[in-house]
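To keep things clear, I will list the structure first and then write my remarks on it.
The values are calculated or read from the model by the stated rules, or taken from the named source; none is laboratory data. Since this is a predicted model, take the numbers as computed values, not measurements. With ideal geometry, Cβ positions are generated from the backbone for all residues, glycine too; neighbour counts draw on all protein chains shown. Keep in mind that these areas ignore ligands, DNA and RNA; they rest on the heavy atoms of the full protein, side chains included. Shrake-Rupley method; radii C 1.70, N 1.55, O 1.52, S 1.80 Å.
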Amino acid sequence: MTPRRAPVLACSVVGAAVVALDGTVLTVAQPALQHDLHAAVGQVQWTSTGYLIAVASLLVFAGRLGDRYGHRRVFAVGALGFAAASTGIALAPGIGAVIALRVLQGVCGALLQPATLGMLRTAYPPERLGTPIAVRTAAIGLAAAAGPLVGGALVSGYGWRAVFLLGVPPTLAIGLLALTTREPNHPGDATHPRDASHPRDASDPRNAAHPRDASEPRGASHPRDASDPRDAARPRSAPPAPPAARAALDPGGALLLAVTLGLLVHGLVEAARPGRTEAGLLACAAAVGAGLLLARHERRTAHPLLPAELLRSRPVVAGLAVLLAASAALFGTLFVATYFLQDVQGLDPMGCALRVLPLAALMVLGAPFCPPLQRRFGPRRTATAGAALLTGGVLLLSRLDAAAGALAVGVSAALLGAGFVTLMVTATSVVVHRAPEAHAGVAGGLQQTAMNIGPALGVAIATLLVALVPGGGFVPAHGAALPALTVIAALALPAALALPGAAERQGTRPGPPPPRPARRICVRS
């Protein structure tokens, strides 16, 4: 790892881990927050819903901002803003201020998250992205596993405000580090100054030392005549497009996408609440209408927010489908399993966390093994194996009854962790590899969007299906939720089969250099 890549990896890993940690510790702090601020349950729920809507609706647009202005700059703004919003929440006098600052925190989180992948894409060659993505995934798994324990200790010892102060030092540090770090470009970048696709600038002092054309023999002492008809016939490469044209912002598309995703997340969250199913379905229907308007707008605009070359890429679309299905299945399953272990089997939160500890352990320990597996077997076989493990874990858990022991739950959790980490690392690597570098931020935003929509979808489906079996909905063997989530997990299998195989080229490496022109014979008179 070069000295310039180390700060980029540190910012990416810490930024992703802080966001994952923030989401898990807040769940533990919500009861104390409600009691201290004398808030209603609905108001406390909006501390999570407002954040989710802000993040999900702005992720892709934030990625486009990174493509245009630089991922390092956008990351720094997001990290510093996240730290400032967290500090404000810790000092907030009432629930209204907490909700408003959580929305602001969601906006900053949307700026931060796609940039964690965009910076890796610009710093590492495509064939070396697997390892940093695996490290990032392991950090997310560790943060998610440690969140409830750390949050519980902080709330018990110092109150709910300490939970929000937890993320201030690391986000402040990585924000300042990103501001002082030069964004590196790997040798294979399309924007590299020595790329063969860009004409050499005659004013470049490095080119002044090499005035000869590449096709001129070394022994020629006379300059090429500008009036040579062969020069006029030779095609000249067009100058590179300016950055603004390569990363047009498309504010209309950004607004429609934000409305679509915001309504979708709000609808899924509302559908999961008792008595709010109709309102949630209405919001989802409105999201479909906004999505149709978005598709019409994107087809007509000159510089769409969602580039056609990205959406027509089979590996990118398959990778996003894998992430959506896997995250929906995992988080819906965890929702049901948590109530099963606590309400049915009577375990306390610590006992419940210990039962599912193999899931977190496999996510952390399994991530480093994913890049070697991809290099040996290819993304298709690796992701297919991960989808089979994840589906097997949900299926095994769906067979448990009220008397299930710790071993059965632990084996199910281990399968869930091993399958999910394999799918997450593999699919994320494919999405980032196959995206052109000019659209790396949009690809990162789409990846993060799938990882935000999936959990909301899985929990909403689980909640609706649990309500269909009032007496035994949380007993896996007697309910309908986990069998349905098994089907959703199995949908990752056909998506995984659409990923590239071992024989296909990975990444977006530059094509082979053009053939050298024939040497011209120079006859001296």
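A few notes on this one:
- Per residue value of the accessible surface for the stretch 427-483 (all protein chains in place, 1.4 Å probe), Å²: 27 Å²
- Loop-resident trypsin sites (Lys or Arg not before Pro) (DSSP state other than H, G, I, E or B) in the stretch 265-335 with no more than 11 further Cβ atoms inside 10 Å of their Cβ: ARG312.
- The stretch 30-189 - percent relative contact order, Cα under 8 Å, separation 6 or more: 33 percent
- The stretch 369-457, accessible surface, carbon-and-sulfur percent (1.4 angstrom probe): 67 percent
- Looking at the stretch 328-410, the accessible area is 48 square angstrom per residue; that uses a 1.4 Å probe and ignores ligands, DNA and RNA.
- Using only the C-alpha atoms, the convex hull of the stretch 351-423 corresponds to 66 Å³ per residue.
- Packing-based ranking, highest mean first, of 155-164, 446-455, 87-96 given that Cβ atoms within 10 Å are counted: 446-455, 155-164, 87-96
- Distance (nanometres) between label positions extended 7 Å along Cα→Cβ at ARG299 and ARG4: 4.3 nm
- Packing-based ranking, highest mean first, of 340-348, 328-336, 461-469 given that Cβ atoms within 10 Å are counted: 328-336, 461-469, 340-348
- Taking 0.36 nm per residue of separation and subtracting the Cα-Cα distance, full extension of the segment from ALA173 to ALA498 would add 113.0 nm.
- Normalised per residue, the accessible area of the stretch 49-182 is 33 Å², obtained with a 1.4 Å probe and no contribution from ligands, DNA or RNA.
- Taking each residue as 0.36 nm, the span from VAL288 to LEU149 lengthens on full extension beyond its C-alpha to C-alpha distance by 46.2 nm.
- Apportionment of accessible area to carbon and sulfur, the stretch 39-195, percent (1.4 Å): 69 percent
- Under the combined filter of DSSP loop state and at most 16 neighbouring Cβ atoms within 10 Å, the stretch 351-400 retains these trypsin sites (Lys or Arg not before Pro): ARG399.
- Stokes-Einstein D (µm²/s) once Rh is taken as the Kirkwood radius of the stretch 1-54 over alpha-carbon pairs, at 20 °C in 1.002 mPa s: 161 µm²/s
- Pairwise FRET efficiency - GLN342 versus ARG276, Cβ, R0 = 35 Å, nearest 0.05: 0.90
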